[in-house]
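The values are calculated or read from the model by the stated rules, or taken from the named source; none is laboratory data. Everything numeric in this text was worked out from a predicted model, so none of it was measured. Don't worry about glycine lacking a Cβ; one is built from the backbone with ideal geometry, like all the others, and counts go over all protein chains shown.
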Amino acid sequence: MIELTPDEAEFRASVARLVDREIAPRAREFDERGEFPMELFRKIGELGYFGLRYPESVGGAGAGFVHYLVMAEELARGSMSLAAAVAMQAMMGTDFVFRCGTPDHHERLLKPALRGEKIGAFCLSEPNAGSDLARIETTARSGADGTRLTGRKMWVTNGTMADFFTVAASVDRTKGLKGIRFFLVERGAAGLHIGRRIPLVGVRADDVTELALEECPAVPLGDGGVSDLMQILDQVRAMTGALAVGLGRAALEDAVRYAKERVCFQKPVAAFQAIRHMLAQADVDLEASRLLVYQAGRRIERGLPSRRESAIAKLFASETANRIADTAMRVLAGYGFSMEYPAQRFFRDARFLLIGGGTSEILRDVIARETMGE
Ligand SMILES: Cc1cc2nc3c(=O)[nH]c(=O)nc-3n(C[C@H](O)[C@H](O)[C@H](O)COP(=O)(O)OP(=O)(O)OC[C@H]3O[C@@H](n4cnc5c(N)ncnc54)[C@H](O)[C@@H]3O)c2cc1C
């Protein structure tokens, strides 16, 4: 295990207490009802978790990036729906406003968001552009009346609830990726239409929506575009890896508990070597995920390059979480197939980890470029 500092270890224990007392016991209810756990989301804001990686000058906690990973991992152990929404608010939903917003944006939007009083969303993906960002069709037009955005966005986490949106749009479609810039749109802006909530296979309590922009007033957030995005992508990938470690832990613990209780042929199934080896392999893979994720996190925290380490950590940890969720389903057999046991929720939620932060195929491409020294 990569050593945590005493402060990080203490923080982990306090998040774990919250998860054990208030989140894990309600995760099934959130999932079944598909209802966003707003009360807990607000509580996490009050506890200061949204501001962990932001400086105190904007109302953050000024903690290191590893604290943020610890929070993501622990919350995901309890409820992936809640963890994904929190991770979005604490990073992509607020990061551009922090880095490129004005003092007014910091006062009106960022500080309340870090307290959990406002919600920020991040809108990159579109109906025709996911991995291939050069295909973004939303356009930004600047004129005497300021900047206006027109286009459609897809998969906006926290979308129907958000007070402000960081939106990617092209200022020049002929330039592909180089033409992309980020803009701030506030709720209530003319021409902003928040669409339907998308029904999901996993993270079912999450509020993931479509968005349409029609000559919608917006404010530019910096002029770095994709290079600004790249600065945070390594953090997003390490964070998704931490979510995967949390889910993997929950699925493995559940499978071990079940294997010890379930009796077949006069023995608990945990006594059968076939089952023991499946669970041991899950433990091995989980430990490797943990090492990779926290190694990437430490590098990020120290300001070291981590493109390769973050991509490897996210790829390995998300694939591992899916394998562990599959193992848990096999160990529980018929009961794994029942909606009354959590194994199926881990199995469904784990799919999300293969998509957010870059698909496995895209990550292998990123890693291959590093492997080839390109
Ligand atoms: C629950 C959820 C929440 C999300 N939240 C947000 C959010 O808040 N904001 C946001 O902007 N987006 C969000 N997303 C969108 C997510 O980032 C995209 O789904 C993701 O980037 C993949 O894009 P896509 O779904 O369009 O797949 P595509 O890019 O269309 O990919 C389809 C398939 O082709 C493969 N592929 C694509 N290109 C290549 C290549 N060059 N080589 C090999 N294979 C390739 C992919 O790996 C995949 O298997 C969310 C998605 C989900 C499911």
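Could you please let me know if Arg307 is of a type outside the set (Phe, Trp, Tyr), within 16 Å of the ligand (Cβ to nearest atom) and not assigned by TED's automatic domain parsing to the domain that holds Ser131?
Considered against the rule, which asks whether it is of a type outside the set (Phe, Trp, Tyr), within 16 Å of the ligand (Cβ to nearest atom) and not assigned by TED's automatic domain parsing to the domain that holds Ser131, Arg307 comes out as no.
Go over the candidates Gly59, Gly93 one by one and state the one that is on the phi > 0 side of the Ramachandran plot and modelled with pLDDT of 95 or more.
Gly59
Do we have Met71 as outside the structural domain of Trp155 (by TED's automatic domain parsing) and either over 20 Å from Leu18 (Cβ atoms) or within 16 Å of the ligand (Cβ to nearest atom) (or both) here?
The answer is no for Met71.
Pick from Glu3, Glu107: which is at pLDDT 95 or above and more than 16 Å from the ligand (Cβ to nearest atom)?
Going through Glu3, Glu107 in turn, the sole match is Glu107.
Would you mind finding the one in Ala162, Ala134, Ala83 that is crowded, with 24+ Cβ neighbours inside 10 Å and in a helix (DSSP H, G or I)? First the steps, then the outcome.
On the way: Ala162 fails: in a helix (DSSP H, G or I); Ala134 fails: crowded, with 24+ Cβ neighbours inside 10 Å.
When all the criteria are applied, what remains is Ala83.
Which numbered condition in (1) touching a Leu at 6+ places or on another chain (Cβ under 9 Å); (2) at pLDDT below 95 is the only one that Gly224 fails?
(1)
Report, by residue number, each residue of the stretch 353-366 that is more than 7 Å from the ligand (Cβ to nearest atom) and surrounded by 17 or more Cβ atoms within 10 Å (Cβ to Cβ).
Of all residues in the stretch 353-366, those more than 7 Å from the ligand (Cβ to nearest atom) come to 353-354, 357, 363-364, 366.
If the condition is that a residue be more than 7 Å from the ligand (Cβ to nearest atom) and surrounded by 17 or more Cβ atoms within 10 Å (Cβ to Cβ), then Leu353, Leu354, Gly357, Leu363, Val366 are the ones that fit.
Among (1) touching a Pro at 6+ places or on another chain (Cβ under 8 Å); (2) within 27 Å of Leu292 (Cβ to Cβ), there is one condition Arg237 misses while meeting the rest; what is its number?
(1)
Pairs, please: C-beta under 7 Å, at least 6 apart or cross-chain, first residue within 17 Å of Ser318 (Cβ to Cβ) and charged (D, E, K, R) and in the stretch 269-292, second surrounded by fewer than 20 Cβ atoms within 10 Å (Cβ to Cβ) and modelled with pLDDT of 95 or more?
Listed by first residue and then by second, the contacts come to Asp285/Arg323.
Looking at Ser142, is it assigned to a loop (DSSP other than H, G, I, E, B) and either of a type in the set (Gly, Ala, Ser) or without any contact (Cβ under 8 Å) to a residue 60 or more places away in the chain (or both)? Spell out the reasoning first.
Numbers: assigned to a loop (DSSP other than H, G, I, E, B): no; either of a type in the set (Gly, Ala, Ser) or without any contact (Cβ under 8 Å) to a residue 60 or more places away in the chain (or both): yes.
Judged against the criteria, Ser142 is not a match.
So which residues in the stretch 146-170 are farther than 17 Å from Leu221 by Cβ and away from the ligand (no atom under 14 Å from the Cβ), if there are any at all? Reasoning before the result, please.
Here is the first cut: in the stretch 146-170, the ones farther than 17 Å from Leu221 by Cβ are 150, 152, 154-155, 157-161.
Scanning the stretch 146-170 gives a single hit, Thr150.
Of the residues that make up the stretch 340-352, is at least one among the small types (Gly, Ala, Ser), more than 24 Å from the chain's Cα centre (by Cα) and more than 16 Å from the ligand (Cβ to nearest atom)?
No: the stretch 340-352 contains no residue that is among the small types (Gly, Ala, Ser), more than 24 Å from the chain's Cα centre (by Cα) and more than 16 Å from the ligand (Cβ to nearest atom).
Only residues in the stretch 183-210 that are among the aromatic types (Phe, Trp, Tyr) count as the first member; pair them with residues that are in a loop (DSSP other than H, G, I, E, B), Cβ under 7 angstrom, at least 6 apart or cross-chain, and list the lot.
Final answer for the pair search is Phe183/Leu221.
I'm checking my understanding of the structure. Among residues of the stretch 332-352 that are in contact with a Leu (Cβ under 7 Å, 6 or more places away or on another chain) and not charged (D, E, K, R), which one is surrounded by the fewest Cβ atoms within 10 Å (Cβ to Cβ)?
Tyr341
Name the one entry in Phe50, Phe11 that is of a type in the set (Phe, Trp, Tyr) and under 16 Å from the mean Cα position of the chain (by Cα).
The match here is Phe50.
Could you tell me whether the stretch 171-184 includes any residue that is within 16 Å of the ligand (Cβ to nearest atom), surrounded by fewer than 19 Cβ atoms within 10 Å (Cβ to Cβ) and under 21 Å from the mean Cα position of the chain (by Cα)? Reasoning before the result, please.
Within the stretch 171-184, the subset within 16 Å of the ligand (Cβ to nearest atom) is 176-177, 180-184.
Now drop any that are not surrounded by fewer than 19 Cβ atoms within 10 Å (Cβ to Cβ), which leaves 176-177.
Among the residues that remain, those that are also under 21 Å from the mean Cα position of the chain (by Cα) are: none.
No, every residue in the stretch 171-184 fails to be within 16 Å of the ligand (Cβ to nearest atom), surrounded by fewer than 19 Cβ atoms within 10 Å (Cβ to Cβ) and under 21 Å from the mean Cα position of the chain (by Cα).
Looking at the stretch 40-73 only, could you name the residues that are part of a helix (DSSP H, G or I) and aliphatic (A, V, I, L, M)?
Leu40, Ile44, Val58, Val66, Leu69, Val70, Met71, Ala72
Can you name every residue in the stretch 15-35 that is surrounded by 13 or more Cβ atoms within 10 Å (Cβ to Cβ) and of a type outside the set (Asp, Glu)?
Those that are surrounded by 13 or more Cβ atoms within 10 Å (Cβ to Cβ) and of a type outside the set (Asp, Glu): Val15, Ala16, Leu18, Val19, Ile23, Ala24, Arg26, Ala27, Arg28, Phe30, Gly34.
If only one of Asp228, Asp223, Asp234 is of a type in the set (D, E, K, R), part of a loop (DSSP other than H, G, I, E, B) and more than 11 Å from the ligand (Cβ to nearest atom), which one is it?
Asp223
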